[in-house]
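I'd like to ask you about the structure that follows.
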Amino acid sequence: MSKVIAVLGAGTGLGVSVARRFGREGFRVALVARRKDRLDTLVEVLAGEGMEAVAFSADLSQPAEVPALVGAIRDRFGRIDVVAYGPISGDQGFTPAAKLDAATLQDLAPLLLFTPVEVVRAVLPEWTERGEGAFLLAQGYSAAQPMPHLSGLGPVMSATRNYLYSLNAELADTGIYAGALTIASLIARSEVSAAAQAAFESADGPHFPVVDPDDLAEHCWNMYTKRDRVEQFHPESLTPQATA
Ligand SMILES: NC(=O)c1ccc[n+]([C@@H]2O[C@H](COP(=O)([O-])OP(=O)(O)OC[C@H]3O[C@@H](n4cnc5c(N)ncnc54)[C@H](OP(=O)(O)O)[C@@H]3O)[C@@H](O)[C@H]2O)c1
């Protein structure tokens, strides 16, 4: 039975590129986001390229719904081998640290921290039984590198990054891999990249380059196949230096 990747947060940016990269290797694809019409379009695009993809409409800001979602994907495909987690929308913007409040963090945490933890909990038994599996987390650069005016997302994503590092180490030698792709670029073709660009510019923040999501998907494939690092930065030149 061919392998299955579940792309949780599947849009026109990184999501569909990851689906396509793994689909090219023979993976069947579960595409997950809220808007069914947009997912159906992506399913058609992938089908036109000879790939088997199925749309699953779900709200990933509801961690309690994760078992039902994972169950539905398993019912359809029989298995899940890889999860790529990277949902983002215009609802998740940057906030200056001086203006950050608990309510903002509370809004961000379910989608960016609680649900990925629940997804891992839901797939780990299957992966442990098989001795194989991979969880690939996509996140923004502020998860690893604090920047003035670009807070809110960073504190929550950095908590998820912290969790992922522990997970990666705990799963070493089990055949199960957990890795993070940390992106210090705007993603071409993504719906939210224009808004992110505006936030960087108004914050007089760094001017990030634009990356083709196909190049990021290649990182995901390399992380999955090589499993030689817990975190991959793009561009690599922006990998933060460890402090003494
Ligand atoms: N875009 C950038 O410039 C950029 C820069 C740095 C890092 N990143 C990171 O890279 C990853 C991919 O970003 P992308 O913009 O390329 O993504 P994408 O694959 O273009 O789209 C992500 C999809 O996530 C879905 N989503 C958002 N909220 C959701 C929810 N509550 N439940 C289910 N699905 C939800 C959205 O669809 P629905 O609205 O239909 O649900 C959206 O289409 C993300 O982790 C992001 O943080 C992005």
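Values in this text are rule-based calculations from the coordinates and carry no lab data. Predicted model only: the values in this text are computed from it and were never measured. Counting neighbours? That spans all protein chains shown, and the Cβs are built from the backbone with ideal geometry, glycine included.
Place +1 on the Cβ of every Lys and Arg and -1 on the Cβ of every Asp and Glu in the chain, take the dipole about the Cα centre, and give the residue among Ile187, Gly78, Met147 whose Cα lies farthest towards its positive end.
Going by the charge dipole, the pick is Gly78.
While we're here: Under a 10 Å cutoff between Cα atoms, tell me which one of Ala196, Ala184, Ala169 has the largest fluctuation in the Gaussian network model of the chain.
Ala169
What net charge is computed for the residues neighbouring Gly179, neighbours being all others with C-beta under 10 Å from the C-beta of Gly179, Lys and Arg scored +1, Asp and Glu -1?
Here the charged neighbours net out to +1.
Can you give the Kirkwood hydrodynamic radius of the range 1-124 from its Cα pairs, in Å with one decimal?
With all distinct Cα pairs of the range 1-124 included, I get 15.0 Å.
State the answer as a single residue: which of Gly48, Pro240, Ala68 lies farthest towards the positive end of the charge dipole of the chain, with beta carbon charges of +1 for Lys and Arg and -1 for Asp and Glu, about the Cα centre.
Most positive-ward Cα: Ala68.
Restricting to the range 4-233, what percent of DSSP beta bridges are antiparallel, rounded to 5?
Close to 5 percent.
Please give the Cα centre distance for the range 153-203 versus the range 44-95, rounded to the nearest Å.
Between the Cα centre of the range 153-203 and that of the range 44-95, the gap is 17 Å.
Ok, one more. Counting other Cβ atoms within 10 Å of each Cβ, which GluC sites (Glu not before Pro) in the range 1-98 have at most 16 and sit in a DSSP loop?
Those satisfying the criteria are Glu25, Glu49, Glu52.
Could you list the residues of the range 222-238 with an amide nitrogen less than 19 Å from a label point located 7 Å from the Cα of Glu132 in the Cα-to-C-beta direction?
Flagged as within label range: 222-228.
I've got another one for you. Mind pulling the per residue volume of the convex hull built on the Cα atoms of the range 4-233? Å³ is fine.
So the per-residue Cα hull volume is 110 Å³.
Which three numbers, in whole Å and largest first, are the semi-axes of the equivalent ellipsoid of the range 10-75 derived from its Cα gyration tensor as √(5λ)?
Semi-axes (√(5λ), whole Å): 20, 13, 10.
Normalising by the residue count of the range 4-233, find the relative contact order in percent from Cα pairs under 8 Å and 6+ residues apart.
22
Additional query: Once the cut-off is 17 Å, how many percent of the Cα-Cα pairs in the range 173-241 end up in the long-distance tail?
49
May I pose another question? Could you work out how far helix 36-48 tilts from the main Cα principal axis of the chain, as a 0 to 90 degree angle to the nearest 10?
60
Pick from Ala134, Ala188, Ala84: which residue has the top mean-square fluctuation in a GNM of the chain where Cα pairs under 10 Å get a spring?
Ala188
Same structure, new question: What is the dipole size for the chain, taken about its Cα centre, with +1 at each Lys and Arg Cβ and -1 at each Asp and Glu Cβ, in debye to the nearest 20?
260
May I pose another question? Can you compute the helix-only [θ] at 222 nm over the chain? Use -39500 (n - 2.57) per DSSP H run of at least 4 residues, normalise by all residues, nearest 500 deg cm²/dmol.
The helix contribution divided over the chain gives -13000 deg cm²/dmol.
May I pose another question? Would you mind checking the tilt of helix 193-202 against the longest principal axis of the Cα atoms of the chain, expressed as 0 to 90 degrees and rounded to 10?
10
Where is the GNM fluctuation largest for the chain (alpha-carbon springs, 10 angstrom cutoff): Gly11, Gly50, Gly26?
It is Gly50.
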